[in-house]
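The values are calculated or read from the model by the stated rules, or taken from the named source; none is laboratory data. Small disclaimer: the values here were computed from a predicted structure and weren't measured. Cβ coordinates were reconstructed from backbone atoms using ideal geometry, including for glycine residues, and neighbour counts include every protein chain displayed.
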Amino acid sequence: MVYGIISTGAFSSATCFDGKQNQREEAADCGGPCVSCEIKRLRPIEGQVKIFGIDGNTNAVLVLSNPNINYGAAVLRYTVNFKSQAGETTLSLTRNSFLYPAEFQKMIVEPNLRLRVGDIEGDPELLIEVINWRPAAEFIQPKTQTRQVEMQLAGNQVNISGLMGNRESFEFSRAVINALIVNKITRVPVGASKTVLLDIKPFEERAFKISALINTPLKVSDLELILSVEAQR
């Protein structure tokens with residue numbers, strides 16, 4: 001497991017990083033003209049990456065957790081570095097995301113990466129930088145619902161359909177639905193994919209479809225589906 005890094009941002013005065021309490025700071029290098037002491041004391045975002053292969057490509061599944069109950073990461077940037085056996089970075093993937101206060105084990109799927117899983121040495125490196133912390137009162141996790149979810153199997157392709165509901169009185173600008181397919185017996189991931197919905201009205205239900213390849217012949221009854229929804233105002 002690789003743990004994230006809290007970024008306090010760049011400040012005009014280098015003395016915000018000199019280890020001393022000066023220039024009207026409330027404590028050493030925080031408060032006053034520097035980052036607030038409350039934010040500086042926040043615990044880092046925790047994360048891990050799991051990978052598995054599908055038809056010569058790699059699927060990566062990130063699991064992120066925010067241990068802070070009073071602040072959410074309104075903007076965070078994660079980078080996943082995939083290393084070769086020689087220790088060289090063969091693929092570097094950078095994305096922006098977010099984590100609500102105390103959000104636990106948020107799943108993010110990065111499917112169909114053009115890299116053979118057998119060419120990856122060890123676990124990928126995960127780096128997390130928080131760009132913007134926001135207080136819990138200003139950054140509340142919206143309520144969503146998925147229902148009427150069905151899986152159908154055609155060869156080695158799983159087709160997933162269902163309804164995603166906005167259970168709030170405001171519009172979601174974007175909602176990402178991540179799907180992870182797991183072998184019920186071995187508990188090993190066998191497929192993953194995602195879809196994006198835009199501009200979901202208050203209390204609207206929107207149909208969604210996701211297709212994912214699986215890496216081993218199984219029956220639908222052998223599969224378990226794990227869904228997660230990333231919803232933004």
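Number of residues in region 126-140 that are in a loop (DSSP other than H, G, I, E, B) and surrounded by 16 or more Cβ atoms within 10 Å (Cβ to Cβ): the value is 1. Every condition in (1) surrounded by fewer than 22 Cβ atoms within 10 Å (Cβ to Cβ); (2) modelled with pLDDT under 95; (3) in contact with a helix residue (DSSP H, G or I) (Cβ under 8 Å, 6 or more places away or on another chain) holds for CYS34 except the one numbered (1). Right, PHE82: more than 16 Å from SER228 (Cβ to Cβ), of a type outside the set (D, E, K, R) and crowded, with 18+ Cβ neighbours inside 10 Å or not? In short, yes. In region 161-181, the count of residues that are in a loop (DSSP other than H, G, I, E, B), closer than 21 Å to ASN59 by Cβ and outside the structural domain of ILE39 (by TED's automatic domain parsing) is zero. Of THR195, THR186, all but one fail to be hydroxyl-bearing (Ser, Thr, Tyr), within 22 Å of ASN57 (Cβ to Cβ), surrounded by fewer than 16 Cβ atoms within 10 Å (Cβ to Cβ) and in contact with a strand residue (DSSP E or B) (Cβ under 6 Å, 6 or more places away or on another chain); the exception is THR195. Does region 187-199 include one or more residues that are more than 22 Å from the chain's Cα centre (by Cα) and not in a strand (DSSP E or B)? Within region 187-199, not a single residue is more than 22 Å from the chain's Cα centre (by Cα) and not in a strand (DSSP E or B). Pairing each residue of region 120-144 that is within 18 Å of PHE82 (Cα to Cα) and assigned by TED's automatic domain parsing to the domain that holds LYS50 with any residue that is of a type in the set (S, T, N, Q) and assigned to a strand (DSSP E or B), provided the two are 6+ apart or on different chains, yields C-beta distances under 6 Å for GLU125/ASN81; LEU127/THR79.
Do you know which residues across region 59-113 are more than 21 Å from VAL190 (Cβ to Cβ) and of a type in the set (Phe, Trp, Tyr)? Passing the criteria: TYR71, TYR78, PHE98, TYR100, PHE104. For region 142-160, what are the residues that are surrounded by 14 or more Cβ atoms within 10 Å (Cβ to Cβ) and assigned to a strand (DSSP E or B)? Residues satisfying the conditions are THR144, THR146, VAL149, MET151, LEU153, VAL158, ILE160.
Under the condition of being more than 20 Å from TYR71 (Cα to Cα), in a loop (DSSP other than H, G, I, E, B) and either of a type in the set (Ser, Thr, Tyr) or modelled with pLDDT under 90 (or both), the residues counted in region 1-21 number 7.
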